[in-house]
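The values are calculated or read from the model by the stated rules, or taken from the named source; none is laboratory data. Because the structure is predicted, anything quoted here is derived from the model rather than measured. Positions of Cβ are generated from backbone atoms using ideal geometry, with glycine treated the same way; all protein chains shown enter the neighbour counts.
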Amino acid sequence: MKGYWKYFLNKLLWFLVTLVCAFILNFILPRLMPGDPVAAIVARLAQGMSNATGVQAIYQQYADLFGTNRPIYEQFFLYMSNVVRGNFGYSFSQYPRPVSEVLGASIWWTIALQFPAIIVGWLIGNTLGALAAYVKGGFDKVLLPVSIFVSSLPPFGMAVILMAVFAVNLRWFPTSGGYGFDLLPSATWSFVWSVIVHYQLPFWSIVLIAIGGQAIGMRSMSIYELNADYVKYSRFLGIKDRKIVGYVFRNAMLPQITGLALSIGTMVGGALVAEIIFSYPGLGYTLLNGVMGQDYPLISASTLIVTIMVLIANFVIEILYGFIDPRIKAAQAD
Amino acid sequence: MKHTIRQIFRSGKFVVGFSIFVTILLIVIVYPLIITGEPLGIIGQGTFFPPGIYVSVYDSIGSPSYTLFLDDAAAKRIASKLSNDDRLAMKDWLIADGVPENQIDITDTEKLLDLWEKEYDPDKGLPGMTFAKQRYYQRLNDSLEGLLSTEAAIIAAKNAETGVLEETGVVKQSDYVNVGEVASVRVLPFGTDNFGRDVLTELVAATGVSLQIGLVAGLIATLIGLTLGLLAGYVGGLMDDVIVFITNLFLVIPTFVLLILISFSIGQEQRGPFVIAVVIGFTAWPWTARAVRAQVISLRNRDHVNLSKLSGHSIAHIILTDILPYIASYVIMALILQISLGILQEAALSILGLGPKTTEDPTLGLMMQWAMIYQAHILGKWWAYFPPLLTIALITFSMNLMNTGLDQVFNPALRD
Amino acid sequence: MSKVVMLEVKGLTTKYITRFQEDVYAVDHVSLTVEEGRSLGIAGESGCGKSTLALSLMGYYFPPLHYMSGEIIIDGRTITEMEPDDIRREILGTEIAYIPQAAMNALNPTQKVIDFIEDVIQAHDPYKTKKEIYDLARKSFEVLGLPADVLQKYPVELSGGMKQRTVIATSVILSPKVLIADEPSSALDVTSQKMVIKMLKNLMEYGFIKSMIFITHELPLLYNVTDDIMVMYAGQIVEKGTAQEVVFDPLHPYAKGLMGSIIVPEKGLREVELAAIPGVPPNLKNPPAACRFAERCKYVRAECEANPVPLHYVGGGRAYRCILPEKELRDIYAKEARTREVHEHAR
């Protein structure tokens, strides 16, 4: 167990370091660009406002909020302490709603949509990839090109296609939203059913894309492992093929788990755009609204939340991986 | 070298991918030579004209007319005005109006129209009927006017002096023009988009721009990744530690988030296609750096590298002659991957509204964005979003196929 | 010395089918005999079919390798007539065992050594308890000079030499009658190599195995470890005899070429490897019908390329595959040696 703790602490430290770096990037990138973000914000806010003192007042208010008149390191700590308290300022496009409230309403939609979808896609993809490597023949000949094609589609493309087929033409599912536009969130059956129906297309568009990529990866990993020396050696010692296949898939699966940790950021990014296609009330759609409304605080906060979500997911996968791969404990022990 | 190339072209996957890609490239190059005209020129007034052959109505009248007696002409004319859905709707109206169901035969057009003419009253609202539905019946009624008529249509022109309409010609139902003889005909294989622009011409131009974005982004990402990977892998030590730290950092922080932040911060005015390509390139390198580093480390202690070191060659010389040639195939695969990734990233950014800001050059992502904003996907105007989407998919598919093919040639373990 | 035959192979032919559906005959009518208590070395350039022969001797084939014809008899049982699953259960590991060329990766990386041994033993005897298996494994490891705590480790935790010795100990855990070792020491450093060779030599002495086939391209090793030597060229046996005979009195021109480099003391025996003969072996997709070595042979004549050359037995298990009589070959070699001496004196 000592080995595992070492691994855990190592990963925790790495998680914290990346978190801080992500924080700094999120803070510094917009400020590296020419121009004063507050001036830009105020310019937008003050459109059509002729009262110069009013503009000045707004400027002062935001300059205080962001602390732009202070040195940069003070600004950073101000930003940090605000963020830690969940204070992201007010949304411009949805004024006077605070950003935290806008995000609070959308973040759960995204979590509930993306993480199950990515996990389901990962599981199905790996199973298919392993089967293709093991069964070979026709199954592999069909699956590989199909997987390559599916994974070549951008996630929003899969979303558009599913929508065109199942929502616009067949009318099996609604085209947009997280629930019926005539309903209010409540614990009634009709609302829950509406949520389930609206969930399907965004969910499967993410799942299908994930399946494609994972199946290709798992297929290569499995073929690689099937040709590994230990397979031949185990066979020549009389171990049953079924048992050897067990070794192979376990070993092929391990890199797929670390692969998932590394690609989860890309997958979430793609899925955010897929959300937009369905006007799903998650972070993707919030981001779009932010961009359309030039809503700087909303964008900054959404990207930060997305980053933190991805980093946490990444951390959790690494931690689980430490349990699954026996070599981790062994390698850290001495 | 020749042998390797021959082997690459023996891989079915590579050949298929390569053919698709070259076809797309050829279309992008050849099409503008044949069909000249502004890719973003607005030729249509109105949104989303469906794909088809557009024949000038005015010119048709002036074209020589031929008389053809075609039996199915009348049936076709009726069918195009009165669809099965319309017939069912008429039946609904009539039933609601109190006509017994067994008296309505929707397959007998003549009888149905007779009955309709007798019973329908545009001002009469039926219980439970929405306003929209009522309007629908009114429109339907208007379009049915004269449907069964066998009279010719009269063409009249206004007399410039008197202002009175004077008959200038008659168009009989059996009159035909030859499309080839009509002066102005325009084929719009993919119709027009939301601004009334020819989708195909726009698509070809957009494909060209997107490919360039992909190429620039891919080259930048590969160059940065290659340089960092070589430095980290070959030089090692502190350099390695620092580069590995930065690479791992940018691997876990979602690239897409960085793209959003940077693109947004640059501001709309500065965001041209080239700038977007550069931004994508500068955020996409970590994969390549990591992969190159791993390759270099496995090469670092090979005999030929050691020999070169003992011979006192400089680091640059060793990297150029003893390392690069051995990872060249790998770098090319990484470049192909980065190019297709660049095209995808541009599209995703554009859909978010953070793509290139341009009024001259369309990109595949921008075409998608315009279609999405005008709800082409919900309205079922497939020609506005499907062609750019399919093009993106075909480009990335062809590149992934080429990569899989190359992979199978260079990693024999993956062969069977 | 007893005369019980442990392994007898008669006319074994196997082929590879490539992914372009081409046949490659890598083992072509090979016959050999190994008696109890003896070891046979197989030499040849890489690609001559010696590793394929090692795989083919197991009697258990999977793509791309396919069995064509011939017999493999282990201690009286003709395994080429058995069903694959029976071979797996009754022969592999218990009658004949294998040490792979790249033993570095021969162990499943995510399994402890003892768990793998457990799988091996239970594949043949599902009723053996964990305790029994552990005791057996510990005993064998200790006898072979391996620390017992290796059993509780993962392969990544073992050094290269230790990994190779673990593989050897695992291969012989069920006391097979025949052990086939395919270049077991080629990827190791000198010290580990010595330990591995010492261990292999001890196996028979301690009763873990009854006979051994040892494949290597390092001649001195072959001479030091094995009793008999067989030289392969292009999928065929070209010469066989005792180690002494083949090394110091080779008959076949190819064997002569290989051995020519061995008696150069100042160079240090270890450094000397086989294959100092110009040219490349023939393509086995389409081997010449007549003598396969003719293309590279210094003494080639017109008759060489006319008919297939059979293996000539010259008594005492000695055999070679060349159309020239034994005496004529010896005369040629003697003449050559004299001219070489004259040249050296002249300098």
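Only a single item in (1) more than 9 Å from chain A (Cβ to nearest Cβ); (2) within 25 Å of A:ASN227 (Cα to Cα); (3) in a loop (DSSP other than H, G, I, E, B) is not met by C:LYS128, and it is number (2). Of the residues making up the range B:365-408, those that are of a type in the set (A, V, I, L, M, F, W, C), surrounded by fewer than 19 Cβ atoms within 10 Å (Cβ to Cβ) and modelled with pLDDT under 90 are B:ILE373, B:ILE378, B:LEU379. What about B:LEU249, is it surrounded by fewer than 22 Cβ atoms within 10 Å (Cβ to Cβ), away from chain A (no Cβ under 12 Å) and either of a type in the set (Gly, Ala, Ser) or part of a helix (DSSP H, G or I) (or both)? Here the answer is no, as B:LEU249 does not meet what is asked.
Looking across A:ILE211, A:ILE257, one residue alone is more than 10 Å from every other protein chain (Cβ to nearest Cβ), buried (at least 22 other Cβ atoms within 10 Å of the Cβ) and farther than 25 Å from B:LYS381 by Cβ. It is A:ILE211. If the requirement is being away from every other protein chain (no Cβ under 14 Å) and assigned to a loop (DSSP other than H, G, I, E, B), which of these qualifies: A:TRP204, A:TRP172, A:TRP122, A:TRP193? Just a single option satisfies the conditions, and that option is A:TRP172. Within the range C:57-65, not a single residue is exposed (fewer than 13 other Cβ atoms within 10 Å of the Cβ) and closer than 20 Å to C:ARG292 by Cα. For the range B:254-271, filtering for residues that are in contact with a Ser or Thr (Cβ under 6 Å, 6 or more places away or on another chain) and either surrounded by fewer than 23 Cβ atoms within 10 Å (Cβ to Cβ) or more than 9 Å from chain A (Cβ to nearest Cβ) (or both) leaves 1.
Table: residues versus (1) surrounded by fewer than 23 Cβ atoms within 10 Å (Cβ to Cβ); (2) among the small types (Gly, Ala, Ser); (3) within 30 Å of A:MET253 (Cα to Cα); (4) more than 12 Å from chain A (Cβ to nearest Cβ).
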{"site": "C:GLU81", "(1), (2), (3), (4)": "yes, no, no, yes"}
{"site": "C:LEU92", "(1), (2), (3), (4)": "no, no, yes, no"}
{"site": "C:HIS124", "(1), (2), (3), (4)": "yes, no, yes, no"}
{"site": "C:LEU136", "(1), (2), (3), (4)": "yes, no, no, yes"}
{"site": "C:LEU144", "(1), (2), (3), (4)": "yes, no, no, yes"}
{"site": "C:PRO155", "(1), (2), (3), (4)": "no, no, yes, no"}
{"site": "C:SER175", "(1), (2), (3), (4)": "yes, yes, no, yes"}
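The single condition among (1) among the charged types (D, E, K, R); (2) over 30 Å from A:ILE305 (Cα atoms); (3) within 14 Å of another protein chain (Cβ to nearest Cβ) that B:ASP303 does not meet is (3). Taking the criterion of being facing another protein chain (nearest Cβ under 7 Å) and closer than 15 Å to B:ILE378 by Cα, the residues of the range A:147-165 that qualify are A:PHE156, A:GLY157, A:VAL160, A:MET163, A:ALA164. Taken over the range C:34-54, the residue count meeting the criterion of being in a strand (DSSP E or B), surrounded by 21 or more Cβ atoms within 10 Å (Cβ to Cβ) and out of contact with any Leu (no Cβ under 7 Å at 6 or more places or on another chain) is 1. Would you check if C:GLU71 is more than 10 Å from chain A (Cβ to nearest Cβ) and farther than 16 Å from C:ILE180 by Cα? Yes; evaluated as a whole, the condition is true for this residue. Residues that are in a helix (DSSP H, G or I) and within 14 Å of chain A (Cβ to nearest Cβ): does the range B:192-199 have at least one? No, the range B:192-199 contains no residue that is in a helix (DSSP H, G or I) and within 14 Å of chain A (Cβ to nearest Cβ). The residues listed here are B:LEU226, B:LEU203; of these, the one that is more than 23 Å from B:LEU335 (Cα to Cα) and aliphatic (A, V, I, L, M) is B:LEU203. Which condition number does A:TYR199 fail, the rest of (1) crowded, with 21+ Cβ neighbours inside 10 Å; (2) over 22 Å from A:VAL146 (Cα atoms); (3) more than 11 Å from chain C (Cβ to nearest Cβ) being met? All conditions are met except number (1).
Considering only residues of the range A:225-254 that are in a helix (DSSP H, G or I) and charged (D, E, K, R), which is surrounded by the fewest Cβ atoms within 10 Å (Cβ to Cβ)? Ranking the candidates gives A:ARG242 first.
Checked against the criterion of being assigned by TED's automatic domain parsing to the domain that holds B:PHE410 and either closer than 25 Å to B:ALA376 by Cβ or under 20 Å from the mean Cα position of the chain (by Cα) (or both), the candidates B:VAL22, B:VAL16 yield just one match: B:VAL22. Those helices (runs of 4 or more DSSP H) of the range B:38-102 in which at least 3 residues are basic (Lys, Arg), considering only elements entirely within it, cover B:73-81.
One line per residue, one yes/no per condition, for (1) within 18 Å of B:LEU211 (Cα to Cα); (2) polar (S, T, N, Q); (3) more than 16 Å from the chain's Cα centre (by Cα):
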| site | (1), (2), (3) |
| --- | --- |
| B:ASP361 | yes, no, no |
| B:GLN375 | no, yes, no |
| B:PRO388 | yes, no, no |
| B:GLY405 | no, no, yes |
| B:VAL409 | no, no, yes |
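Taking the criterion of being loosely packed, with under 14 Cβ neighbours inside 10 Å and in contact (Cβ under 8 Å) with a residue 24 or more places away in the chain, no residue of the range A:113-145 qualifies. Among the residues of the range C:1-29, just one is exposed (fewer than 13 other Cβ atoms within 10 Å of the Cβ) and part of a strand (DSSP E or B), namely C:GLY11. Name the residue that is farthest from the other protein chains (Cβ to nearest Cβ), counting only residues in the range B:341-386 that are in a helix (DSSP H, G or I) and of a type in the set (Phe, Trp, Tyr). Among residues in the range B:341-386 that are in a helix (DSSP H, G or I) and of a type in the set (Phe, Trp, Tyr), the one farthest from the other protein chains (Cβ to nearest Cβ) is B:TRP370. Looking only at residues in the range A:272-288 that are more than 10 Å from every other protein chain (Cβ to nearest Cβ) and assigned to a helix (DSSP H, G or I), which one is farthest from A:PHE92 (Cα to Cα)? Top of the filtered list is A:GLU275. Go through the residues of the range B:224-245 one by one and say whether even a single one is in contact (Cβ under 8 Å) with a residue 40 or more places away in the chain, within 14 Å of chain A (Cβ to nearest Cβ) and part of a helix (DSSP H, G or I). Checking the range B:224-245: at least one residue is in contact (Cβ under 8 Å) with a residue 40 or more places away in the chain, within 14 Å of chain A (Cβ to nearest Cβ) and part of a helix (DSSP H, G or I).
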